[in-house]
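Note sheet for the following structure.
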Ligand code: SF4
Ligand code: SF4
């Protein structure tokens, strides 16, 4: 182990010219020697906690689970290496700029390392605190700043997304999109822009707006509120409609607060904590207006942030308790449906599907068995397991828009594994994953229909045929 850590330090020296890297003196280091502990590179407010950093015993069990380590075999792009760098920064041995920023930016935030870690290291809290400080303290290039601003100015705003959906529909339906994709012009523009084009969802078909309230079918078991999610509500309204129908069919009175804002997940995961918390407070307030037993979310990435509100707002005297109460009520849809127990009859759905675990469901929320149990409960449905299921598909929030080359490699690997299952369709619980998979499949010239888990459950409850289901994706 000591040998490995010496190697990490050597790698630091070769990657980061910060003079503090070479400073040694008093104080305990991670590899047992002593060195000067200088002022932390982090501000005191919400710095990565030293006790949490010390929980990593450098065993390396997380290495093979980490997508970036599996791609590059570079210790600094492993969870152990990143934690080591955070600790060095907290001891004042390195700054948050240079290679530190590069390796933290490279992290997908997929949390596969947390699932693999036998010591229970809370990498999510460490990463979140690190990114929040990095965004404040380390300036980014003008282009990077502008690009990030553009993402944050669109994705968390359903109204702006709706405006974008109109020209997008024109671009797709006029045939311009196929022309552009065939022309090879996308190879000539910056990778971030071409990845944005490749990941564009299909313009949504016209759909009925969701009602503010949908009563339970039969005797009500519970009163739940539904989070509609920004991207989901605009580009996948069918998923939200299916969610409301299934909850109602399973005995829930469903409250759907109108004009919901963003949950702030996008900003929180990328270090824009302050902005993320503004959204969080507004959403809490919105959902306090009509008290419910549970708050249900059908998007994995948003769900993990909603469950963290209590922690994110822990220091805010006005909001800490309200955030904790909100988070306590939050359930992923698959958790909710498992808790309710199936009430509505499931009709046979003879189809072979591959279930793709979204990282923010399987690693961040530890939800793996519930979706499988729900899908497995549908008569005649065949559930195929994707090899190497714990590995990220490269979507990771807006990671595929910020780091397109890495995301592409991971997408290709995932699709290889997906195709090996021989499934007719792929199912997941995160819009970002479904878009990433569709783009990687398209790169191979393959169209595989994709669905949210709840669309399959809804189809089984409504007795939709496999043909109708597959035709809905043509
Ligand atoms: S994060 Fe966990 S698994 Fe990885 S090196 Fe540290 S203790 Fe070991
Ligand atoms: S969050 Fe994912 S990419 Fe980041 S260190 Fe952990 S396993 Fe690796």
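The values are calculated or read from the model by the stated rules, or taken from the named source; none is laboratory data. What you see is a predicted model; the values in this text were computed from it and never measured. Neighbour counts are summed over all protein chains in view; Cβ atoms, including those assigned to glycine, are modelled from backbone coordinates with ideal geometry.
You will find that of 108, 126, 96, the residue that is assigned to a helix (DSSP H, G or I) and on the phi < 0 side of the Ramachandran plot is 126 and no other. One residue stands out in the range 78-93 among those that are away from ligand 2 (no atom under 12 Å from the Cβ) and either without any contact (Cβ under 8 Å) to a residue 24 or more places away in the chain or outside any helix (DSSP H, G or I) (or both): the one that is farthest from residue 59 (Cα to Cα), namely 92.
When the range 94-124 is filtered for residues that are touching a helix residue (DSSP H, G or I) at 6+ places or on another chain (Cβ under 9 Å), closer than 25 Å to residue 363 by Cα and away from ligand 2 (no atom under 12 Å from the Cβ), the ones remaining, listed by number, are 100, 101, 102, 120. The criterion of being farther than 20 Å from residue 77 by Cβ, in the same structural domain as residue 467 (by TED's automatic domain parsing) and more than 16 Å from ligand 1 (Cβ to nearest atom) does not hold for residue 410.
Listed here are the residues, each with its yes/no results for (1) over 25 Å from residue 221 (Cβ atoms); (2) in a strand (DSSP E or B); (3) in the same structural domain as residue 394 (by TED's automatic domain parsing).
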| residue | (1), (2), (3) |
| --- | --- |
| 292 | no, no, no |
| 304 | yes, no, no |
| 316 | yes, no, no |
| 353 | yes, yes, yes |
| 374 | no, no, yes |
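None of 349, 333, 340 is within 30 Å of residue 460 (Cα to Cα), in contact with a strand residue (DSSP E or B) (Cβ under 6 Å, 6 or more places away or on another chain) and in contact (Cβ under 8 Å) with a residue 40 or more places away in the chain except 333. When you scan the range 101-114, do you find a residue that is over 30 Å from residue 53 (Cβ atoms) and at pLDDT 90 or above, even just one? For the range 101-114, residues over 30 Å from residue 53 (Cβ atoms) and at pLDDT 90 or above: absent. Of all residues in the range 356-367, at least one satisfies being within 20 Å of residue 470 (Cα to Cα) and in contact with a strand residue (DSSP E or B) (Cβ under 9 Å, 6 or more places away or on another chain). Scanning the range 59-77 for residues that are near ligand 1 (Cβ under 9 Å from one of its atoms) and either in contact with a helix residue (DSSP H, G or I) (Cβ under 7 Å, 6 or more places away or on another chain) or in a helix (DSSP H, G or I) (or both) returns 60, 61, 62, 63, 65, 66. Within the range 203-241, being touching a strand residue (DSSP E or B) at 6+ places or on another chain (Cβ under 7 Å) and assigned to a helix (DSSP H, G or I) holds for one residue alone: 239.
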